[in-house]
Amino acid sequence: MATVEQVEEALGEVLLLEPRRSLAELNMVRDIKVAEGQVKVTLALTALSDAAKEAIQERVHSAIEKLPGVKGAVIDLVELPAEELNQFGHVIAVMSGKGGVGKSVVAALLAIGLNRQGYQVGILDADITGPSIPMMFGLKARPMSSESALLPVGTRSGIEVMSLNLLLPHEDDAVIWRGPLLARMITQFWQDVVWGKLDYLIVDLPPGTADIPLTVMQTLSLSGLVIVFTPQELAAMVVRKAVGMAQKMSIPIIGVVENMSYFLLPETGKRIELFGPSKGEEMSQEVVAPLLGQLPIDPELAQLCDSGHIERYNSEAFTALSQAFAQAMPALAHP
């Protein structure tokens, strides 16, 4: 006789084509009942088209009927808003008061590092007018959607991504919107995207302290912020504004990352500080948060971002950043 646990395990093998996650991982399995060989499963297939729903129902029927002792299966569908399906362990925003400091690269690397540790990770690209996350991961597919919700697009390694660039007719189309529209889009990415069960959602913020960062801090249930800066005094000064905003909004700062901290000469390995002496320890003391890492200017990383293969990146500095971030975060049950 089949058990609820066996049915759950069988449904864990039923994957959506895009993203490549199971119904269980997307939190679409709402109820399972087993009695006298009859199995009743309730699903919330939010964001799926009618054709996709039919295909999933057929696959669920097939998976259940293969179980020992099952005489029949009934699949009920319920309509639930995307927000009710989403469960996040931690929501981390990556922020900088100044543009051009590599904030999106740091957000991507944090997500990749967590993914390599076995966590379920998503990236919400909140840089609406300058989105770069899809290009770094080589994403071009449009998200699956219904009238009420969207599904994120999965990267090669299984990181879920939602970005306005995935919804535009052409990736280089300009987004010429005023602040309220930008803020509304962030709210929709939070409420109308089926993220499902994620250990970490990384939010890539635009530079500055205006509408979008304010909306994110007021609307999203943030666990904390990671602050990114470069060694120049100008960058450090602007970052202090971002830190001030975070403190006024009572959002904890998990740590700081100094990007473009140095360049290693390939021939000798000599460390050259192109933008001046490091300000990592200074910023760490000012913010009263750990220095998570100092990332170098790395031509290999730049090339991988341009070609859409950032997930292939490896370096000692990246490994150190991933380890420091994991240590700074409150522990989640490891998958």
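Details
- Under the condition of being touching a strand residue (DSSP E or B) at 6+ places or on another chain (Cβ under 9 Å) and touching a residue at least 40 places away in the same chain (Cβ under 8 Å), the residues counted in segment 246-261 number 6.
- Test for VAL228: is it in contact with a Lys or Arg (Cβ under 9 Å, 6 or more places away or on another chain), outside any helix (DSSP H, G or I), closer than 25 Å to TYR119 by Cβ and not hydroxyl-bearing (Ser, Thr, Tyr): yes
- First in segment 149-177 and in the same structural domain as HIS309 (by TED's automatic domain parsing), second anywhere and modelled with pLDDT under 60 and surrounded by fewer than 24 Cβ atoms within 10 Å (Cβ to Cβ), Cβ under 7 Å, 6 or more apart: LEU164/VAL175
- Which listed residue is of a type outside the set (Gly, Ala, Ser) and touching a Phe, Trp or Tyr at 6+ places or on another chain (Cβ under 6 Å), from LEU114, LEU85: LEU114
- Check on LYS103, within 21 Å of the chain's Cα centre (by Cα) and charged (D, E, K, R): yes
- Among the candidates LEU48, LEU85, LEU67, the residue that is modelled with pLDDT under 95, within 21 Å of LEU124 (Cβ to Cβ) and aliphatic (A, V, I, L, M) is uniquely LEU48.
- Picking from residues in segment 43-70 that are surrounded by fewer than 13 Cβ atoms within 10 Å (Cβ to Cβ) and in contact with a helix residue (DSSP H, G or I) (Cβ under 9 Å, 6 or more places away or on another chain), the one that is farthest from ARG21 (Cα to Cα) is PRO68.
- Residue in segment 307-319 that is closer than 19 Å to ILE227 by Cα and not hydroxyl-bearing (Ser, Thr, Tyr) present: yes
- Residue among GLY280, GLY308 that alone is surrounded by 15 or more Cβ atoms within 10 Å (Cβ to Cβ) and at pLDDT below 95: GLY280
- Among residues of segment 27-61, those that are closer than 21 Å to ASN86 by Cα, of a type in the set (D, E, K, R) and in a strand (DSSP E or B), counted: 2
- Search result, residues across segment 280-335 that are more than 30 Å from GLY138 (Cα to Cα), out of contact with any helix residue (DSSP H, G or I) (no Cβ under 7 Å at 6 or more places or on another chain) and in a loop (DSSP other than H, G, I, E, B): VAL288, ALA289, PRO330, ALA331, ALA333
For every residue, the table says whether it meets (1) basic (Lys, Arg); (2) in a loop (DSSP other than H, G, I, E, B); (3) under 25 Å from GLU300 (Cα atoms).
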{"position": "HIS90", "(1), (2), (3)": "no, no, no"}
{"position": "LYS98", "(1), (2), (3)": "yes, yes, yes"}
{"position": "SER104", "(1), (2), (3)": "no, no, yes"}
{"position": "LEU109", "(1), (2), (3)": "no, no, yes"}
{"position": "GLY113", "(1), (2), (3)": "no, no, yes"}
{"position": "GLY118", "(1), (2), (3)": "no, yes, yes"}
{"position": "THR129", "(1), (2), (3)": "no, yes, no"}
{"position": "PRO143", "(1), (2), (3)": "no, yes, no"}
{"position": "GLU147", "(1), (2), (3)": "no, yes, no"}
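- Checklist (1) modelled with pLDDT of 90 or more; (2) farther than 28 Å from GLY89 by Cα; (3) assigned to a loop (DSSP other than H, G, I, E, B) applied to ALA2, failing item: (1)
The values are calculated or read from the model by the stated rules, or taken from the named source; none is laboratory data. These numbers come from a predicted model, not from an experiment. Note that we place each Cβ from the backbone using ideal geometry, even for glycine, and neighbour counts take in every protein chain shown.
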